[in-house]
Amino acid sequence: MSDDIRLHAHLVGRQGSRADLNTPVLILDVEALDRNIAALAALTASHGVGLRPHAKTHKSVDIAKRQLDAGALGVCCAKIGEAEVLAEGGIAGILITSPVAAPRAIERLAALAARADGLMAVVDHPAVAERIDAMLGAERATLDVVIDIDPGIARTGVASADAAVDLARAIAALPRLRYRGVQYYCGSQQHIEDHAERRAAIVERTDYLNSVIAALADAGFAPDIVTGSGTGTHRIDLALGVFTELQAGSYVFMDKQYLDCDLTGDGDAPFETALGVDARVVSANHSGLVTIDAGFKALSTDGGVALVRRGAPESAFFAFMGDEHSALIAPDIGRTLAPGDPVTLTVPHCDPTVNLYDHYHVVSGDTLVAIWPVSARGRAR
Ligand code: PLP
Ligand code: MN
């Protein structure tokens, strides 16, 4: 039995101490999480807009349930494997936001459509729509779909208004697909740090979205659902009023990348940092540097460096040292910290960091109150 599982057993009906946990460990502050969930639920509701938060961020049945309890329409999933796990966990109203194109994945999509409540998927090509429709026939199921519109990054989505109309016609001709609307996710704009610059970029991109929606409406395909947006642009998108539902994901946790962005335009932070990694000093034999037990396997490396949140000076410079270790560098840090001392880090980028862990260790202050699985960990296909 692993230490954590033993602790889990011990936690049934009792609580534990965060300080007892072996490190590195993924820590989730449940009160901050719930405040973030409530804040975006209230904000979207006050605009009369729906919320279908992206679960690629957390991959967790427990967190998805909290979002649904707070009024979410469902959740988004990036891949069929993620959707299968969350549907199995009782989550309804899942939208799969990446095209499902591999033959085996289409089979699983059709099978999931037959058993999952309110499943939706995006499509961006008539040939794939046809394959999905054929596979739905084998399952005697139907599926609601939205057309993914490329916001200009050439990742996924139809590349023009004409292509959107052609695809809407193709979908309308297929008996088992039901056209519901469009998806538009401006991934390149989410992390523009300056608010005015981000707003200007989104205003320009929204003009394009409106032109595609107008073309669809002219052809008799006015969308019921316009889904998209993220943590970076949620306020701007709510003010512009085009989306019927938002897909923000990272807001539940907040990572360093998003802390670097002015999300409100006045420097106020609308969400709290709920996620962290607790690590420990494992070596302190130099005055200006200590080594901690969290390296590439404990923190994703695509989003820059981690930040020290607690246990060492916030000004300490973080440097990845390798698979297992990082350095915290500051004058005299090796004289003030000793092997075994705990530090809490704010993660550089939340989604890929979460995918490195089997469990969330859920805390209230310094009390461990639950251990939740990262239910869809590794479900990349
Ligand atoms: N929607 C889609 C299609 C995404 O790919 C993502 C994240 O990458 C999101 C929504 C959530 O965005 P964020 O994490 O910036 O809130
Ligand atoms: Mn992300």
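Condition check for Ile27 on (1) of a type in the set (A, V, I, L, M); (2) more than 14 Å from ligand 1 (Cβ to nearest atom); (3) in a helix (DSSP H, G or I): one failure, at (3). Checking Gly322, Gly295, Gly303 one by one, the residue that is within 16 Å of ligand 1 (Cβ to nearest atom) and among the small types (Gly, Ala, Ser) is Gly303 and no other.
Among the candidates Thr336, Thr346, the residue that is within 16 Å of ligand 2 (Cβ to nearest atom) and surrounded by 14 or more Cβ atoms within 10 Å (Cβ to Cβ) is uniquely Thr346. Go through region 334-362 and give me each residue that's part of a strand (DSSP E or B) and away from ligand 1 (no atom under 16 Å from the Cβ). The answer is Pro342, Val343, Thr344, Leu345, His359, Tyr360, His361, Val362. When region 126-144 is filtered for residues that are of a type outside the set (A, V, I, L, M, F, W, C) and in contact with a Leu (Cβ under 7 Å, 6 or more places away or on another chain), the ones remaining, listed by number, are Pro126, Glu130, Asp133, Thr142. For region 250-264, a residue qualifies if it is surrounded by fewer than 24 Cβ atoms within 10 Å (Cβ to Cβ) and within 11 Å of ligand 2 (Cβ to nearest atom), and the qualifying residues are Gln257, Tyr258.
Looking at region 33-124, the helices (runs of 4 or more DSSP H) lying wholly inside it that each contain 1 or more residues that are of a type in the set (Asp, Glu) and over 22 Å from Arg178 (Cα atoms) sit at 61-69, 80-88. Only one of the listed residues (Arg309, Arg381, Arg377) is over 30 Å from Lys79 (Cα atoms), among the charged types (D, E, K, R) and touching a residue at least 12 places away in the same chain (Cβ under 8 Å). That residue is Arg309.
For Asp262, indicate whether it is part of a loop (DSSP other than H, G, I, E, B), touching a residue at least 12 places away in the same chain (Cβ under 8 Å) and not small (Gly, Ala, Ser). Answer is yes for this residue. Ala163 falls short of the stated requirement of being more than 18 Å from Ile96 (Cα to Cα), away from ligand 1 (no atom under 16 Å from the Cβ) and modelled with pLDDT under 95. Count of region 363-381 residues, restricted to those that are under 21 Å from Arg18 (Cβ atoms) and not polar (S, T, N, Q), is 10.
The values are calculated or read from the model by the stated rules, or taken from the named source; none is laboratory data. Please read these numbers as outputs of a predicted model, since none were measured by experiment. Here Cβ is always computed from backbone atoms with ideal geometry, including for glycine, and neighbour counts include all displayed protein chains.
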